[in-house]
Amino acid sequence: MKENVASDHSSPLDLLCKKGNTSVVPLRWEGQRLYLLDQRLLPHEEVWLEYRSARDVARAIRDMVVRGAPAIGIVAAFGMVLASLELSNDNRESFIEKWLGEATFMVQARPTAVNLKWAVERLKRQIDRHPELGTDDLAALLEKEAISIWAEDIQANLDLGSYGQALLPEAGGVLTHCNAGGLATGGYGTALGVIRAAVSSGKKIEVIADETRPWLQGARLTAWELIRDGIAVTLIVDGAAGFLMQRKEIKAVIVGADRIAANGDVANKIGTYAVAELARANGIPFYVAAPVSTIDPETHTGNQIPIEERGPREVITFAGKEVAASGVGVRNPVFDITPHCLVSAIITESGVLKPPYGPAIHACLSL
Ligand code: MRU
């Protein structure tokens with residue numbers, strides 16, 4: 001897998017600014033402290049929380065202060081930098097033992113998005129490659145690597161946006177599910193990055209946002225981001241997507257991904273599979289936009305992807321109030337698998353992958 005060692009961006013955000021971009025970002029790294037925009041409170045309150053320990057960052061990921069596969073990978077990397085700063089007075093042996101313990105805790109925060117494990121392993125490889133470094137130098141090295149991971153993610157989004165925008169229609173409704181925007185990445189977004197690039201190139205796109213029960217990423221986050229950027233967006237309940245497809249009001253679907261298996265099966269927010277089936281039934285293209293870091297070559301098919309199940313409260317409550325019949329049993333799987341045969345193209349920063357995905361993914365990972 002492609003990996004650039006510590007690039008020299010003074011700040012990853014410069015990449016966005018240079019392009020004149022106003023996309024929201026979910027994190028800040030300042031004075032060796034991590035700050036996260038609390039996504040549980042959006043769109044009504046914009047509150048930044050400060051983090052000083054790896055444990056607290058892992059809990060923030062588990063509790064959805066920050067969410068979205070690339071964003072949790074980047075944030076986990078900074079969490080592991082905080083671990084190294086906490087341990088910088090230890091000797092190297094004790095540093096590594098305790099750091100690996102924190103890494104295990106971090107990786108367990110959310111199981112489906114492979115970016116979390118990918119980012120933590122990338123930092124661990126830096127430690128393995130530098131047996132000569134003392135703990136202070138290791139902390140500095142990991143900080144540079146985390147900044148690189150963040151910068152590379154923004155660059156990947158800008159690149160996949162420019163590849164993917166050509167696939168979207170000149171005008172009309174484009175459906176998205178969940179939030180795969182600036183909030184879910186280092187900035188700019190994957191699915192919303194493609195939409196941003198298409199709109200910048202002059203296409204007259206109206207985003208149709210599924211509300212995305214139960215956490216309402218579409219209603220709360222996608223709608224907020226797009227309104228903030230002046231991009232036309234209309235909110236629908238999840239069950240309305242098929243009806244609008246039948247009425248030809250949706251010309252294409254584009255979503256992000258939490259993990260893509262080696263055969264092209266895609267794990268994404270619960271409800272994505274249903275949208276993909278509806279798109280196929282209505283002859284509408286279904287696109288997945290994701291950085292190469294979301295492809296997991298060790299997972300051969302979607303069946304092997306662990307699917308997170310969260311507690312019942314998200315389902316039985318609405319805006320903090322219980323709405324379901326008391327005593328009802330609840331299932332709350334928060335991701336599903338879209339089989340590769342329903343995916344029209346996978347848009348990455350290395351180019352647009354088309355079926356058959358096995359060889360296309362293999363070639364992409366060998367670049
Ligand atoms: O539970 P979430 O909000 O973390 O789920 C997020 C998604 O499913 C996104 O579509 C995916 O992570 C891609 S984000 C670029």
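Extension gain for ARG55 to ARG33 (0.36 nm times residue separation, less C-alpha to C-alpha distance): 6.5 nm. Amide H contacts under 5 Å for GLY173: GLU206, LYS251, restricted to partners 5 or more places along the chain or on a different chain, H placed in the peptide plane at 1.01 Å from N.
Among LEU192, CYS364, ALA232, whose Cα sits farthest toward the positive end of the charge dipole of segment 161-365 (+1 at Cβ of Lys/Arg, -1 at Cβ of Asp/Glu, about the Cα centre)? Going by the charge dipole, the pick is ALA232.
Taking the longest Cα principal axis of the chain as reference, the axis of helix 69-86 is set at about 20 degrees. Amide H to amide H distances under 5 Å link ILE284 with no residue, where only residues 5 or more positions off or on other chains count and H is placed in the peptide plane.
Here the Gaussian network model covers the chain, with springs between Cα atoms less than 10 Å apart; of LEU142, LEU167, LEU221, LEU167 fluctuates the most. Site pair SER200 and ILE227 shows an inter-label distance of 2.4 nm when each label is modelled 7 Å from Cα along Cα→Cβ.
A straight chain from ASN91 to LYS18 at 0.36 nm per residue would run longer than the Cα-Cα distance by 22.1 nm.
Which whole-number percent of Cα pairs in the chain have a distance greater than 32 Å?
Counting pairs separated by more than 32 Å, the tail of P(r) holds 29 percent.
After finding the eigenvalues of the alpha carbon gyration tensor for segment 114-174, what semi-axes result from the square roots of 5 times each, listed largest first in whole Å?
Values for segment 114-174, descending: 37, 11, 8 Å.
Rounding to the nearest 10 and keeping the result within 0 to 90°, find how far the Cα-based axis of helix 135-164 lies from the longest principal axis of the chain. Helix 135-164 sits roughly 20 degrees off the main axis of the chain. Label-to-label distance, GLN108 versus LYS354, with points set 7 angstrom from Cα along the beta-carbon direction: 4.6 nm. Against the chain, whose longest principal axis is taken from its Cα atoms, helix 272-281 shows a tilt of about 30°. Residue pairs exceeding 19 angstrom between C-alpha atoms, taken from LYS204/LYS248; LYS98/LYS124; LYS203/LYS251; LYS18/LYS203; LYS19/LYS117: LYS18/LYS203; LYS19/LYS117. Placing dummy labels 7 Å off each Cα toward the beta-carbon, the span from ARG129 to GLU277 is 4.5 nm.
How high is the relative contact order of segment 2-158, in percent, counting Cα pairs under 8 Å that sit 6 or more residues apart? Could you put the intermediate results ahead of the total?
Working: 193 pairs, mean separation 45.2, N = 157.
For segment 2-158, the relative contact order is 29 percent.
The calculated FRET efficiency for the pair HIS362 and GLU308, based on their C-beta separation and a Förster distance of 30 Å, comes to about 0.65. Can you tell me what percent of all Cα-Cα pairs in segment 161-365 are more than 28 Å apart? Within segment 161-365, distances greater than 28 Å cover 24 percent of Cα pairs.
If the segment from ALA240 to GLU46 were pulled out straight at 0.36 nm per residue, it would be longer than the present Cα-Cα gap by 66.9 nm.
Laboratory data are not the source of any read-out in this text; all were calculated from the coordinates shown. Because the structure is predicted, anything quoted here is derived from the model rather than measured. Using ideal geometry, Cβ is built from the backbone for each residue, glycine included, and neighbour counts are taken over all protein chains shown.
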